[in-house]
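The next block holds one structure in the form of structure tokens; read it before the comments.
The values are calculated or read from the model by the stated rules, or taken from the named source; none is laboratory data. Keep in mind the model is a prediction, meaning the values are calculated, not measured. Please note: Cβ atoms are built from the backbone with ideal geometry, for glycine as well, and neighbour counts cover all protein chains shown.
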Amino acid sequence: MQTYSYYPGCSLHGTAKEYDHSLKLVAHRLGIQLHELPGWNCCGATAAHSTDEILGLALPARNLVLAAERKRPVLAPCAMCFNRMKVTQHELQEPATRQAVQERLEGVDLEATGVRQVQVLSLLETFASDDMRATASKWVVKPLKGLKVVCYYGCLLVRPPEILQPDDLENPRSMDRLVEVMGAEVLDWPFKTECCGASLAIARADIVVALGRRLLNMARTVGADAIVTACPMCHSNLDTRQAQIKARYGEEFNMPIFYVTELMGLAFGYSPKQLKIHTHVTNATRILERLDAQHASVG
Amino acid sequence: MARIGVFVCNCGSNIAATVDVKQVAETIGQLPDVVFSTHYMFMCSEPGQKLIQDAVREHNLDRVVVAACSPTMHFKTFSGAVQRAGLNPYMLEMANIREQCSWVHPDKAIGTDKATDIVAMAVGKTRWAEPLFPREIGVTRRALVIGGGIAGIQAALDIANAGVPVVLVERSPSIGGRMAQLDKTFPTLDCSGCILTPRMTELVQHPNITLYSWSEVQAVRGFVGNFEVDILHKPRYVDATLCTGCGECLTRCPWKKYPSEFDEGMGTRAAIYRPFPQAVPNVPVIDEEHCIGLKSLREDPSRDKPKCGACQKFCPRGAIDFRQQPTVSTEQFGAIVLANGMSLFDPTIYGEYGYGRYPDVITSIQMERLMNAAGPTGGEIRRPSDGKHPRSVVFLACVGSRDERVGRPYCSKICCMYIAKHAIMLKEHDPHVQSYVFYMDVRAGGKGYEEFIRRAQEEYGTVYLRGRVSKVYPEGDHMVVMGEDTLLGMPVRVEADLVVLATGVQPQPDADALARILGISYDGYGFINEAHPKLNPVESNTAGILLAGTTIGPKDIPESVSQASAAAAKVLGLLSQSTLLGEAMTSWVNQTRCVGCFSCEAVCPYHAIERVTLRDGRLAAQVNEGLCKGCGLCASACPGKVITLRGFSDQALLEQMNVLLLEPTAAG
């Protein structure tokens, strides 16, 4: 039994509820206990660090203090939250920066609380480790045979590489390996870490639409039925913009975008409904029904 | 009583501007035993030296102090003057009042006081000066060349043609090096093999040259004029005295699918192979790692026959010998030329370029093999994935050059030129080919080089895009190169059938290990350091070890060849002497008081301390004066104070300190 502090961030309580939901079901099945950090605050996301560098560090630093107090690793399933926490831990090495952040936090002694030592885990670090994949494979009751997917990591899980230490900056494979365990056919593709447009979704939606189209195009070219993500931002940009892409470019994708935890949940035997997959903007249940029908006719 | 003369140099205004040289000469002239003291504009000039010589004779001086620049600059000049005046050259003492005084002090009063102290100390020290006599060392008239690339070949031929015997050691199965892999050479587009192979043949047939291929230098002992070198001869498993090079074994070997090192993985070879058809010597080698027969014998030594043995069965001369063992020979040399060459940067670290992930991303040296008529495709340029002739080719410059991120901040110097060569040759092979080059700057310094780049652009229509590439990925049956054109300030996208990475030059992976065997220094990358980058460009900092080619740093063929000839000239100069003068300022051990702790041995960087058994059976230290460089570490380390560095006796150094600390001088 593993126990982690759980930092949902705004997304998993809002636009990415299905991520939160599927994550909790999957964690429960795998014997992982999650305790939501009481009193957590916003990670600052792009807004904070692009306007006030110290604020961008102070917000995650406060969350790290809460996590350090509980003396257990903290899971941040949102790639943005994870990224901000890791970057903050790195930046706090610098005494002058630490001092400035401490002043913003009304004098908390950050070194004494151990904020740099608390282990911050991404979703993939938690679920795609060798041990966890072995455990997960035992719970697969309904392998996703016939589902062709590409894994999309985005930027926030791999950059900056010297801080996040991904398995490979340009060709990460941890999610691929995990989804393979779920029985899906994982296709190699070159856009694993290409940009989705991220928070430009608000200021320059046209760019997000163009980049999303590029990603969806490549996924379709290599023969994928769906894209798998581990980032609410990537998910949102790909899932919610397909109608706009159609309106602007006349190209219709209807490509489902799954959270990796949703595919795990499906393979573990939960229904799409239980996993709230029906809440996606781009329909993702039809393909699952089709898959079921295929299996039934073969079986 | 000593009779000391002091000569203070103005060095124009270099010293005189911040040191009152007249006052220094006068003050020092008051010191006991100083019978003559003066200053002069340029002491190193002819009249300056004559002034010293005349004063020695006139005042019957027995010791001379020159207060001027650093002794590394002019000790030789002034000791020569002293010697011409009839004194032992080591009766000269230099006081450095330039680098260590005038150049670092803006204030004339302070500078003058300090200069006075420095000169007074030198006067103190010189009271203990003794005549020293360098030893004469015999010279072995035979040279070793390490590395059989074009630099090694050139050096060996130049030395041998002057009548001096040469041994060339090459660790691969054939000489020829990088140049043998190339198709054409820039900027003249000479066929590389056509100009190289006659030299290779000349070398192997030369009566003064012994070639040891498939051999490595294992250990080097001794010193200039007297090196002793252990050479490892790896087993070829082919008896070179029987083999005629007919090549029957190569066709008979059933295990043909191993990637060829010489073809950079673009082609395959058998488990018994020669790297290329014109290999010298033309004797194949069996690959220990992959030969089934060798493996079977190694796993079960009691077998009387190897498992496969096809080559042995079909060899018309019975030259295959699976029982060959490595041997080591020890040979004597007077001088060594190191020309062990370079390796190329491994671009897999640039994940964004996809080398190793996508078959149609290759390196420039692989491109050479594809272009070469003797290469794996017979000179037809076919891309690895599907064998198609590429129509659009993108070159990426500076892959592993000028990039601090990958630890290679330096320019590899040759890439701009070979990219242009490839672009030109591609068009010559197929006029429909369009080449693109992503570059940072085009660096084409050299005779006819800039013109060559122009030709690639203007006559051959190569498109040069100034900017770095962010990503290379496949799309359908072609590659897409995403990059930036910094002149347009726009991202660009180029579709390519083949992407070529111009990988940079780096040292051989084990260059540092070989440098340690030779006892020479190397830089942070592993390139060998020259004794002086401007004035001793082909000498290492160990006497008798010369350098040539890319072992020093990135360079092209003409530069490597020039260096090789320069190194050969240095070797010939050295070996034309029957004896050499050793270092006079060496250490010596008072063996009657040595307790044999060998602290000296542990600190000596030149391995000059020997262990000798005295007549009474005691073990004591002894200094090999041929190896000793006079650094003095042993003298400092000796706990019993029984080691003395000649010219730097304890008495002399104490006297120097006494002058500074006890006697009030001008400085007070």
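Identify the residue in the stretch A:99-137 that is surrounded by 21 or more Cβ atoms within 10 Å (Cβ to Cβ), among the β-branched types (Val, Ile, Thr) and under 23 Å from the mean Cα position of the chain (by Cα) and, among all such residues, is farthest from A:Glu185 (Cα to Cα). By that ranking, first place goes to A:Val115. Filtering the stretch B:384-413 to residues that are crowded, with 23+ Cβ neighbours inside 10 Å and outside any strand (DSSP E or B) leaves B:Pro390, B:Gly400, B:Ser401, B:Ser412. Exactly one residue out of B:Cys311, B:Cys315 is of a type outside the set (Phe, Trp, Tyr), surrounded by 16 or more Cβ atoms within 10 Å (Cβ to Cβ), out of contact with any Phe, Trp or Tyr (no Cβ under 8 Å at 6 or more places or on another chain) and within 17 Å of B:Tyr258 (Cβ to Cβ), and it is B:Cys311. Filtered by the rule that a residue be within 14 Å of chain A (Cβ to nearest Cβ), touching a residue at least 60 places away in the same chain (Cβ under 8 Å) and part of a loop (DSSP other than H, G, I, E, B), the stretch B:470-515 gives a lone residue, B:Asp477.
Working carefully through the options A:Ala96, A:Ala100, A:Ala112, A:Ala136, find the one that is not assigned by TED's automatic domain parsing to the domain that holds A:Asp52 and not in a loop (DSSP other than H, G, I, E, B).
Result: A:Ala136 is the single residue among A:Ala96, A:Ala100, A:Ala112, A:Ala136 that is not assigned by TED's automatic domain parsing to the domain that holds A:Asp52 and not in a loop (DSSP other than H, G, I, E, B).
Filtering the stretch B:18-50 to residues that are in contact (Cβ under 8 Å) with a residue 40 or more places away in the chain, crowded, with 16+ Cβ neighbours inside 10 Å and part of a loop (DSSP other than H, G, I, E, B) leaves B:Thr18, B:Val19, B:Asp20, B:Leu31. Restricted to the stretch B:5-17, and to residues there that are in contact with a Phe, Trp or Tyr (Cβ under 8 Å, 6 or more places away or on another chain) and among the β-branched types (Val, Ile, Thr), the residue that is surrounded by the fewest Cβ atoms within 10 Å (Cβ to Cβ) is B:Val6.
Please verify whether A:Cys42 is of a type in the set (A, V, I, L, M, F, W, C) and not in a helix (DSSP H, G or I), treating the condition exactly as stated. When the stated conditions are applied, A:Cys42 passes them. For the residues B:Cys308, B:Cys315, the requirement of being farther than 30 Å from B:Thr550 by Cα, of a type in the set (A, V, I, L, M, F, W, C) and modelled with pLDDT of 95 or more singles out B:Cys315. I'd like the full set of residues that are of a type in the set (S, T, N, Q) and over 21 Å from A:Met233 (Cα atoms), limited to the stretch A:46-91. Correct list: A:Gln89 only.
For the stretch B:63-121, taking the residues that are polar (S, T, N, Q) and in a loop (DSSP other than H, G, I, E, B), the one that is surrounded by the fewest Cβ atoms within 10 Å (Cβ to Cβ) is identified as B:Ser70. Being in contact (Cβ under 8 Å) with a residue 40 or more places away in the chain and either of a type in the set (D, E, K, R) or out of contact with any Pro (no Cβ under 6 Å at 6 or more places or on another chain) (or both) holds for only one residue in B:Ala122, B:Ala95, and it is B:Ala122. Screening B:Lys629 on (1) farther than 21 Å from B:Ile517 by Cα; (2) basic (Lys, Arg); (3) not assigned by TED's automatic domain parsing to the domain that holds B:Ile517 shows it passes everything except condition (1). Checking each residue in the stretch B:108-166 for being polar (S, T, N, Q) and in contact with a strand residue (DSSP E or B) (Cβ under 6 Å, 6 or more places away or on another chain) picks out B:Thr126, B:Thr140. Across the stretch B:450-469, what is the number of residues that are within 18 Å of B:Leu426 (Cβ to Cβ) and either of a type in the set (Asp, Glu) or within 14 Å of another protein chain (Cβ to nearest Cβ) (or both)? Residues flagged as within 18 Å of B:Leu426 (Cβ to Cβ) and either of a type in the set (Asp, Glu) or within 14 Å of another protein chain (Cβ to nearest Cβ) (or both) within the stretch B:450-469 amount to 2.
Restricted to the stretch A:217-231, and to residues that are touching a Phe, Trp or Tyr at 6+ places or on another chain (Cβ under 6 Å) and either more than 14 Å from chain B (Cβ to nearest Cβ) or not in a helix (DSSP H, G or I) (or both), which residue is modelled with the lowest pLDDT? Ranking the qualifying residues of the stretch A:217-231, first place goes to A:Val222. Looking across the stretch A:161-184 at every residue that is under 28 Å from A:Val140 (Cβ atoms) and part of a helix (DSSP H, G or I), the one that is farthest from the other protein chains (Cβ to nearest Cβ) is identified as A:Val181. Condition check for A:Val209 on (1) of a type in the set (Val, Ile, Thr); (2) more than 14 Å from chain B (Cβ to nearest Cβ); (3) within 24 Å of A:Cys81 (Cβ to Cβ); (4) buried (at least 16 other Cβ atoms within 10 Å of the Cβ): one failure, at (3). Among the residues of the stretch B:445-474, just one is touching a Ser or Thr at 6+ places or on another chain (Cβ under 7 Å) and under 28 Å from A:Trp189 (Cβ atoms), namely B:Gly467.
Exactly one residue out of B:Ala602, B:Ala635, B:Ala620 is crowded, with 18+ Cβ neighbours inside 10 Å, free of Cβ contacts under 8 Å to residues at least 40 places away in the same chain and among the small types (Gly, Ala, Ser), and it is B:Ala620. Evaluation of A:Tyr153 against the conditions (1) under 22 Å from A:Ala27 (Cβ atoms); (2) within 14 Å of chain B (Cβ to nearest Cβ); (3) without any contact (Cβ under 8 Å) to a residue 24 or more places away in the chain shows that the sole unmet condition is (3). Among the residues making up the stretch A:247-284, a single one is free of Cβ contacts under 8 Å to residues at least 24 places away in the same chain and of a type in the set (S, T, N, Q): A:Ser271. A:Val140 fulfils the conditions (1) surrounded by fewer than 21 Cβ atoms within 10 Å (Cβ to Cβ); (2) free of Cβ contacts under 8 Å to residues at least 60 places away in the same chain; (3) of a type in the set (A, V, I, L, M) except for a single criterion, (2).
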